[in-house]
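A quick write-up on the structure given underneath.
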2 protein chains.
Amino acid sequence: MATDTLSELVEANDVPGMQQWLGEHAPYEIADELGRNDSLTAVLLFRLLDKDRAIDVFEELDPVDQQKILYGLRDKAFGELVEAMDPDDRARLLGEAPAKFAQRVLSGLSEGERAMTARLLGYDEGTVGRHMSPKAVLLRGSLTAQQALATVRAKGIDAETVYTLPVVDNSRRFQGVVALRDLVISDENTTVAELADSEVPTAKATDDSEAAARLMQEANLLDLTVVDSEDRVIGLLTIDDAVEVIEAADTEDVARQSATAPWTGHYMAVSVLQLAWSRVIWLMLLLLAASLTIGVLDFFEDELETVVQLAIFIPMLVGTGGNAGAQAATAAVRALAVGELRTGDVLRVAFRESRVGLLLGLTLAAVTFVLGMILVGDLNVGIAVSLSLVLICVWAAIIGGTMPLLAKRVGIDPAVVSAPLVTTFVDATGLVFYFLIALAVHPAL
Amino acid sequence: MATDTLSELVEANDVPGMQQWLGEHAPYEIADELGRNDSLTAVLLFRLLDKDRAIDVFEELDPVDQQKILYGLRDKAFGELVEAMDPDDRARLLGEAPAKFAQRVLSGLSEGERAMTARLLGYDEGTVGRHMSPKAVLLRGSLTAQQALATVRAKGIDAETVYTLPVVDNSRRFQGVVALRDLVISDENTTVAELADSEVPTAKATDDSEAAARLMQEANLLDLTVVDSEDRVIGLLTIDDAVEVIEAADTEDVARQSATAPWTGHYMAVSVLQLAWSRVIWLMLLLLAASLTIGVLDFFEDELETVVQLAIFIPMLVGTGGNAGAQAATAAVRALAVGELRTGDVLRVAFRESRVGLLLGLTLAAVTFVLGMILVGDLNVGIAVSLSLVLICVWAAIIGGTMPLLAKRVGIDPAVVSAPLVTTFVDATGLVFYFLIALAVHPAL
């Protein structure tokens, strides 16, 4: 494999070999390799690239990796790279960087680029303004297609995209968009106003960037026009940036659903300490939450001592309850993320999930009863385990399905209260059900 | 909220009101509402749309919803809709539909559209061929920019996209791509060959569609050229289709990570039975796997009877082991999905995760020891619980981090062996550690 070869070349310190490798691979492949290497090696490899190629590779890097590279460069190369970046990429880089580093970048920029970057940085992280491309080509509705194409020719070289051209009035207010495709295909005397689509959605610069990106996906847009509070066009959100926003949101949701704090950077390049740190807080919280289960079992210690067989089924019961809760929670978090659920759906979700949970509980209880009779042979324990399982499945499905919606309603990220938290909560309550049922049905208690 | 209003209008059977609502909303918003409604209501609403708008709305629907609508339409409206679809959307619809329905669609199509659809359906699900747009506009390298634009004008009306134009030789073999933007901006006598980029990646029609879509994201491409086994251009994968492929893959991964079989359709529209079905198989498998824990506890029943306090910590121990395993598994699955990890990284991942697990285990053990002393007050139990926790965390992190890689190596979807399966496996082994340590340190055993 070519990639193994690069690590081998690096280990052998074979500079001509590395140069050849770099010449034979596309920028995105080189960027991927740089991301996998430590800072020193990455900078060494980066310096071997000629200038144009270096800019192409740099554009493909994640912000953390861009920072890694920039730290290793001298002022001249440093300045050229940051000046060549698109303003939105630069804002993304600076948003995550230490203040001193940001200062060094900003002071090296030309005045126009600095102003544009500062404007984007004025918007909060997670808003559309942070991710937009401010260099859109705007058109007046009165232009003909031919005139419009001339405008694109004159101004388009500097723009990040020219495939969607916002149409504006004299005050730069949004009137619609025209697609470059339509300008090219239509008769050259057709006016822009005739070709414009005024029904497309726009986003405010202060809007949530994930919602805007998902809107682009739903409405199949290549670019979303960004406006200010007075509906004046100030930029475009392009599809490649939208895809990155969506992927970052999905990655964050997935991390949250496994009780991990989101971290940025490449899995292989991030330090062990950082990985541990991203996990320990939640793990600790869940451990403390799990002390609820200790409390419950401590309370029922006499019953446990009398019928020690009851203990044997505890991991299976809490495990199944946890799994059933996680299933419902994950489905709800995902449906919320992609817009299939709204916070107002709580009662409907509770009703749906209670029926799903009942079906699951009855099926599993039947199996467990047989399993319990074979493995332990105590009919009363079998009955207690099976009945608890039905109750636990219904309970877990309801809690799992509704907690994310309730969280979102009070402004907490739904993914935070998903699988692990639901699981731990369901564990403790499930044990209470179990012992209460055991007390009711077991003659020895 | 406008959406509540539509359900109210539907409930009141207020047809003029519904018509007004439909007139005031964009196609993607209407499509979203149709997806949330049952078949009857969706068809009723759809019929209220005028023809052009109906086609726009139809394009925005998910395949399951498209099918729902088509079932409710008469032959004429049915035929017009399917004829107007892009071939790749049509193939996606038919790929998921019953054979009889597919027959009805195909027989209603014009010959050219039918041939194109049949060709796409010839590629397996999950391949690039299924998702490509076969109507690409191809250019020869010898054309000038002006001539190339004339070609786009002549052939582009029918194409799904004209922003990326593959450059081909006499045998339609791939030479590179030229961006419409560059054709528009550059001098009109520049040749296509001069403007073409030959370094961009291509995909084979038989390639995995998720990998191709992620490649587009990584290399920031609007379109990816699709070639056959002899490098002849046969279509384009467009970014909007790629985004859908990525989102479907992410949704599937998320479902798998919570032990749910992937299901298609809207959360609120899918039936309770379908939801239960998507969950019950895995839940059952995990339940059977959890009988391992029953076996372990059954084996150590004498020890449990002697020191019943040991039982009190079981849910916390297995819960924490499960959480630590899920964290590592989810990180590994995600890193594999986005290309940060390769299957060859198993040993490196195991080493990384063992150190992460050790850090986590030591931290948690310290807290648990204090907690155990306060809640139960048995020093030996406290020692056994703390030592087990360290071992379980290391073990869980290693298993969680490496199982997805090993699964991928033998051709199993990594997401399948992620969180829940890892958790259940770690539960049983963790209990063995716990009792062995208890036997070693507790004087009463």
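Some values worked out for this structure:
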quantity	calculated
Computed log₁₀ I(q)/I(0) - Debye formula, equal Cα scatterers, no solvent, the range B:139-255, q 0.12, 0.13, 0.20 Å⁻¹	-0.45, -0.52, -1.07
Paramagnetic reach from B:Asp38 (point 7 Å along Cα→Cβ, amide N under 13 Å) across the range B:8-28	B:11
Convex hull of the range B:345-395 built on C-alpha atoms - directionally averaged projected area, nm²	3.1
Mean Cα-pair separation over length for the range B:1-111, i.e. relative contact order, pairs under 8 Å, 6 or more apart, %	21
For the protein assembly as shown, projected area of the alpha-carbon convex hull averaged over all directions, nm²	39.4
Sorted by Cβ neighbour density within 10 Å, fewest at the top, the residues A:Ile392, B:Ile246, A:Ile55	A:Ile55, B:Ile246, A:Ile392
Mean projected area in nm² (Cα convex hull; one quarter of hull surface) for the range A:84-147	5.8
For q = 0.07, 0.08, 0.09, 0.10 Å⁻¹, Debye-computed log10 I/I(0) when each Cα of chain A counts as one equal scatterer	-0.54, -0.66, -0.78, -0.89
Descending principal axes extents, the range A:141-188, alpha-carbon based, whole Å	26, 25, 15
Label-point separation in nm, B:Phe101 to B:Arg355, each point 7 Å along Cα→Cβ	5.3
Label-reachable residues, the range B:229-258, where backbone N falls under 19 Å from a point 7 Å from B:Thr206's Cα toward its Cβ	B:229-237
Positive-end extreme of charge dipole, the range A:2-126 - chosen from A:Leu61, A:Gly95, A:Gly126 (charges on Cβ)	A:Gly95
Cleavage-rule hits (chymotrypsin sites (Phe, Trp or Tyr not before Pro)) in the range A:273-362: DSSP loop, at most 13 neighbouring Cβ within 10 angstrom	none
Fraction of beta bridges assigned by DSSP in the range A:139-255 that are antiparallel (%, nearest 5)	70
Chain B: relative contact order as a whole-number percent, Cα under 8 Å and 6+ apart	11
R0 of 30 Å, Cβ-Cβ distance A:Glu188-B:Ala193: FRET efficiency to nearest 0.05	0.70
Ascending list, in nanometres, of distances separating the A:Asn13 label from those of the other copies (7 Å, Cα toward Cβ)	8.7
Net charge dipole size for the protein assembly as shown [Lys, Arg +1 and Asp, Glu -1 on Cβ; Debye, nearest 20]	640
Fraction of the pair-distance distribution of the range A:194-349 above 25 Å, Cα-Cα pairs, percent	57
Dimensionless Rg over Rh [the range B:272-441; C-alpha; Kirkwood]	1.02
Computed P(r) (all Cα pairs; the range A:182-229; 10 Å bins; percent)	23, 41, 27, 10
Over the range A:241-390, relative contact order from alpha-carbon pairs under 8 Å, at least 6 apart, %	17
Over the range A:1-64: Rg over Rh, Cα atoms, Kirkwood Rh	0.91
Residue-count net charge about A:Arg409 - beta-carbon cut-off 11 Å; Lys, Arg +1, Asp, Glu -1	+1
Computed magnitude of the charge dipole of chain A (debye, nearest 20; Cβ of K, R +1, Cβ of D, E -1)	1000
Listed residue (B:Gln19, B:Ser171, B:Ser142) projecting farthest to the positive dipole end of chain B, Cβ model	B:Ser171
Net charge, B:Gly321 excluded, C-beta distance under 14 Å - Lys, Arg +1, Asp, Glu -1	-2
Residue order, fewest to most beta carbons within 10 Å, for B:Asp50, A:Asp62, A:Asp231	B:Asp50, A:Asp231, A:Asp62
Percent breakdown of C-alpha pair distances by 5 Å bin, ordered from the shortest bin, for the range B:43-196	2, 9, 16, 17, 15, 11, 11, 9, 6, 3, 1
Alpha-carbon centroids, the range A:297-363 and the range A:376-418: separation in whole Å	2
7 Å along Cα→Cβ, label-point gaps from B:Phe101 to other copies, nm, shortest first	5.2
Pairwise label distance in nanometres, A:Val272 with A:Leu445, each label 7 Å out on the Cα-Cβ vector	4.5
Of A:Lys76/A:Lys100; B:Lys51/B:Lys76; A:Lys68/A:Lys100; B:Lys135/B:Lys155; B:Lys76/B:Lys135, pairs whose Cα-Cα distance is over 20 Å	B:Lys76/B:Lys135
Shortest-first distances to equivalent copies, position B:Glu24, nm, label 7 Å out along Cβ	6.4
Segment B:Gln19-B:Asp52, extension gain: residue separation times 0.36 nm, minus the distance between their alpha carbons	10.4 nm
Equivalent-ellipsoid semi-axes of the range A:2-126, from the Cα gyration tensor, Å, largest first	29, 13, 12
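Read-outs throughout are calculated quantities, based only on the coordinates presented, and are distinct from any laboratory measurement. The shown structure was predicted, so the numbers you read here are calculated from the model rather than taken from an experiment. No Cβ is skipped: glycine too gets one built from the backbone with ideal geometry, and neighbour counts run over all protein chains shown.
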